[in-house]
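Here is the structure we will look at, set down as structure tokens.
The values are calculated or read from the model by the stated rules, or taken from the named source; none is laboratory data. Because the structure is predicted, anything quoted here is derived from the model rather than measured. Positions of Cβ are backbone-derived with ideal geometry, glycine not excepted, and every protein chain shown enters the neighbour counts.
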Amino acid sequence: MTQSIQALREERTAKAREARALLDAKTGKDWTPEVKDQVDSIYAAIDRLDEQIARVERVLTIEDSLEQRGRVLSERNGRSVDENAATIRAEKAIFSAWARGGAEALTDDQRAHVKARRDEAQRVYGAQSVGTGAAGGYLVPRDFAETMLERMAAFGGMRAVATVIQTDGGNAIDYATVDETGQEGEIVGESLAASGQDIAFGTVSIGAYKYSSKTVVVPLELLQDSRIDIEPYINVALATRIARITNRHFTTGTGAGQPRGVVTAAAAGKTGAAGQLAAVTYDDLVDLEHAVDPAYRTSGRWMFHDTTLKALKKLKDGQGRPLWRPGVTGGDPSDILGYGYTVNQHMAPMGASARSLLFGDFKKYLIRDVMAVTLFRFADSKYLEKGQVAFLAWSRHDGNLIDASNDAIKAFQHPAS
């Protein structure tokens, strides 16, 4: 599979270089219909390759590496890679036994290990945060929780570009926000005192909303087949469900009883002309870009729905050349007007009153994860009569824009009619 994805990447790189060479060389009268058709054909091939690469990368992301997890833990806790790998291996065995047969399937040593970890978590998280006990809850190992969050990062778009922090406890954090865009220094004469100027700052409260994966049903046949590594199977199912709802809230959440999404928090940057319900122009992109303070444009990027990307790929400059340019290598991503972009399927497609594009520094959006993830196993008659066992995860997250200036991210909005 590694050789396959390498070949796909090399083929894409070659196509991208070919397209870039044509875009750079053909200007003015040289930009003939034949050249345009040639570039369009190359772009279509790049799109097909991108889809193939994305599918292979998704499989590679899902595959778990015990050695890699051991190296990550070693860098954090100072223990050897082998020691950390042994700990992960032991906890994977405990999880597998619990998932397949419930608490009664654990050995005495495994029960003691789970109790020690639960007691430690009670001290770290607090009794109210650890929902384990008679109901059968299982406080998952930290490695399981981190792997779940890593898989969530590959879904949706917001986690890929925002600032993400992880905390052990779930108490609200008053996160300081500072507006430095209007602050500047001064010239001070000899022997004179410097003047003072208070920094404009505020706070944004980052809490921890409790999310449920809803029940994930697993057939008994999978649980009984020892050849199947059941942990990543369950982990992927849980991560995908929680990733969908959290990415939606990190994008369009109202801030009332849920995270305040980036679209909700972003200031207005440009409104389309009357009747411009399903289109964006070159001038709109330029105006939205310059609505963002230059201090934030150096880290600026676009965000939009995939259908919007399709429309943007068809936009041309004054000479008829595409605004979208394919990236040649991993360090040279595809761009629009020289800026990278993130496709987020929870962004609104173009339409009446829709905020279909964002531009700015998305590192100013903060996502918080609480590491206490609790998993419940249900094997009552409701499921067993169908030959199934169900799992349900609880995790806690929040998100908000932490820019006091309100200039870091701006939105393009279509008119109402």
Among Thr251, Thr264, Thr271, Thr281, the single one that is among the hydroxyl-bearing types (Ser, Thr, Tyr), under 30 Å from Phe376 (Cβ atoms) and in contact (Cβ under 8 Å) with a residue 12 or more places away in the chain is Thr251
Counting only residues that are touching a Lys or Arg at 6+ places or on another chain (Cβ under 8 Å) and closer than 30 Å to Ile242 by Cα, give me the strands (runs of 3 or more DSSP E) lying completely in segment 286-371 with at least 2 of them.
-> 341-343, 355-360
Would you tally the residues in segment 20-38 being modelled with pLDDT of 85 or more and within 14 Å of Trp324 (Cβ to Cβ)?
-> 0
Among (1) of a type in the set (Ser, Thr, Tyr); (2) under 24 Å from Ile402 (Cα atoms); (3) surrounded by fewer than 14 Cβ atoms within 10 Å (Cβ to Cβ), where does Tyr209 come up short?
-> (3)
Exception for Leu288 within (1) surrounded by 16 or more Cβ atoms within 10 Å (Cβ to Cβ); (2) farther than 21 Å from Ala266 by Cα falls at (2)
What number of residues in segment 1-54 are closer than 15 Å to Gln319 by Cα and basic (Lys, Arg)?
-> 3
Output for segment 152-181, where each listed residue is under 21 Å from the mean Cα position of the chain (by Cα) and either at pLDDT below 80 or acidic (Asp, Glu) (or both) = Ala153, Ala154, Phe155, Gly156, Asp168
Which numbered condition Thr215 misses (of (1) crowded, with 19+ Cβ neighbours inside 10 Å; (2) polar (S, T, N, Q); (3) modelled with pLDDT of 75 or more) = (1)
Restricted to segment 90-119, and to residues that are at pLDDT below 80 and surrounded by 12 or more Cβ atoms within 10 Å (Cβ to Cβ), which residue is nearest to Gly387 (Cα to Cα)?
-> Val114
